[in-house]
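Since the structure comes first, as structure tokens, the remarks are kept for the end.
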Amino acid sequence: MEKDLQKAYLESLDFKTSSTGKNADTKLWVVASGKGGVGKTFVSSSLGITLSKLGHSVVIIDLDLSGANIHTSLGLAPSHLNVRHFFEGVKGLQELVIPTPHPRLSYVQGFWDSWTPTDFSYSQIQNLIPEMKKLRADYVIVDLGAGALEAHLDLFKAADEKFLITTPEPTSIEKTYRFIEAYMCHSLRENSTPDAYGNMISTLRNHRQRTLEKPFSFRSYLKEQTGINYDFFEALSSAPVRLIVNSARSQSNYDLGHSMKSVCNKYYDLGIDYLSSIDFDNAVWQSVRVREHVLLSQPFTPLAGQFLTTCKQLIDPEELRAVV
Ligand SMILES: Nc1ncnc2c1ncn2[C@@H]1O[C@H](COP(=O)(O)OP(=O)(O)OP(=O)(O)O)[C@@H](O)[C@H]1O
Ligand SMILES: [Mg+2]
């Protein structure tokens, strides 16, 4: 049955040609967070459903090593075919793409039968990234586990769009900043000599031990250093991290994203984008219990509208401007 579905799916797609008729390059969207349980899987599946409803072909890849649950979020039973088969060299990534009952939406099942502790090696991630970009889809969305692990940062860096999910809880906000710091430093490391990078980290630690009040100006520090590519640091702001505040319940929660953006500017000299806030809605977890995604069971709600606006802002900002 699974094989038949997969065959039908492959036959229905011309290589890299979506139902929109465009022969576009596959775009890689990666969804990460500092803290666990903040809604990465919900956001990944919702972005996928929304893009597919807009006529784009989408593959969601579950790379949460701590336990796969994209299938649960989509209301599907786990597939025996899963990403473990790619890492073990048994299957190509395209062969692992499983269609869902929803048009243009498919997914790659995450680890759920490895039994042993699993971690990604550097070479596994470097092999995976080009394969993801070769998939027959307009958009590939990666749902990660929580935290700034090396592999997560590598995937985040390779993404065409980088989504960082926070809730309005102080614990989540704090871990979001730690994720951003790790992402900046990880990116700078590749563009620095080991000495210059080591000096920068000890300067940052000294600065933080002395004061939390005074911002550290990366701009002036890096401009004075040799061994670290300053232009590269500036470039980080032009492919910005897209912050999403999930489970918002009040005006102050909606405003949080603006404050976090200002903090990144002030404390790191880093431009980030506050992409959107998503309402807290009991229907989200209730729909998971009955195995039907809320955007499919209730497609005309404010929540569905928030995901539509979020996607359009990225894929069709002109059209959105015309409506507003
Ligand atoms: N906007 C929301 N409103 C209400 N409940 C939500 C919302 N977003 C997520 N949830 C619920 O919060 C819980 C955690 O969501 P989810 O599994 O998507 O988080 P996660 O970041 O992927 O977690 P993990 O780090 O374990 O992978 C789930 O029960 C989900 O249904
Ligand atoms: Mg998750």
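Any read-out appearing in this document is the output of simple, stated calculations on the displayed coordinates, not a laboratory observation. Just so you know, these numbers come straight off a predicted model, no measurement behind them. Backbone-built Cβ (ideal geometry, glycine too); neighbour counts: all protein chains shown.
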Based only on Cα atoms, what Rg/Rh ratio does region 175-324 have, Rh being taken as Kirkwood's radius?
1.08
Please check which bits of region 250-293 a label hung off residue 211 would reach, taking the label as a point 7 Å along Cα-to-C-beta and the cut-off as backbone N under 16 Å.
266-269
Treating the chain as a set of equal point scatterers at the Cα positions, no solvent, please give the Debye-formula log₁₀ I(q)/I(0) at q = 0.09 Å⁻¹.
-0.48
Can you grab the distance from the C-alpha centre of region 72-130 to the C-alpha centre of region 168-239, Å, no decimals?
33 Å
Antiparallel bridges, percent of DSSP beta bridges restricted to the chain (to nearest 5):
10 percent
Counting helices only, and only those DSSP H runs with n ≥ 4, report the 222 nm mean residue ellipticity of the chain as the sum of -39,500 (n - 2.57) divided by its residues, in deg cm²/dmol to the nearest 500.
-14500 deg cm²/dmol
Treating only the Cβ of Lys, Arg, Asp and Glu as charged (+1, +1, -1, -1), what charge dipole size does the chain show about its Cα centre? Round to the nearest 20 debye.
380 debye
